[in-house]
Amino acid sequence: MRSKLLSIASDSSSPSENIVQLCSALVIVFEHSFYIFDKRPHFRPQSVPSFYVALEQYMASQHAAAVREGVSAAVQAYEEAVATASHVYEEAVKAFVYTYQGKSLAWMAKLPFEPFKRRAKEAIERSQEAKQSFERSKQEEKEFSCSRAKAELIKAVLDITLNHRLPGP
C-alpha cells in the first residue's frame, strides 16, 4: 500500500508539490472509501477494507493523472510567484542600499564646526531610518505577494480536488 500511495506523487517534482499531490489524492480516496463503506453490508468481515478498494479505483481512474497535472501546474505557479516576489524584493533593497554605499563618515570629520557635524550626523541617522523603513515596506510587499500566491494555490488545489472526485459505486 505504501508504494501505491507514494506513486500518487510524481518523482521529479518538488517536496511541496509531492505533499500537495498526496494530500489531494488522499482527500479524494478517503471520501470515496467512506462512500464505499456506507454502501456495503456491515456484516462481511472477510471483505477488503474500503480504503484499499477506493485507492485501487482512484489509481485506475483518469482522475489520478488529472489531479497530478493540475496540482503540478498550481504548485509551479505558486513557486514562480514566490520566487518573483523574492527577486523583486532583493533587487529593490539592493538598488536602494547601493545609493547609500560609499558615503562614509570621513567627510564629517572635515567639517569645521560642531553644529555642522551634529546636523550631518542627524542627516545620516535620518537616512538610515529611511533605509530601514524602505526595507520594511518592501518586506511587507513581498509577504503580501507570497500570501496572495498561497491563497491562490489553496483555491486551485481545492478546485482540482473537488472537480476530480470519484463517482459513487
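The values are calculated or read from the model by the stated rules, or taken from the named source; none is laboratory data. Note that this is a predicted model, so its numbers are computed, not measured. Positions of Cβ are generated from backbone atoms using ideal geometry, with glycine treated the same way; all protein chains shown enter the neighbour counts. Accessible surface is based on the protein model in full, side chains and every heavy atom, while ligands, DNA and RNA are left aside. Shrake-Rupley method; radii C 1.70, N 1.55, O 1.52, S 1.80 Å.
Figure note: Y89, Y52 ranked by solvent-accessible area, largest first, 1.4 Å probe, ligands and nucleic acids not counted: Y52, Y89. Ordered from largest to smallest accessible area (heavy atoms of protein chains, 1.4 Å probe), the residues H32, H87, H63 come out as H87, H63, H32. What's the local net charge at V71, with K and R +1, D and E -1, over the other residues with C-beta under 11 Å away? With Lys, Arg at +1 and Asp, Glu at -1, the neighbours total -2.
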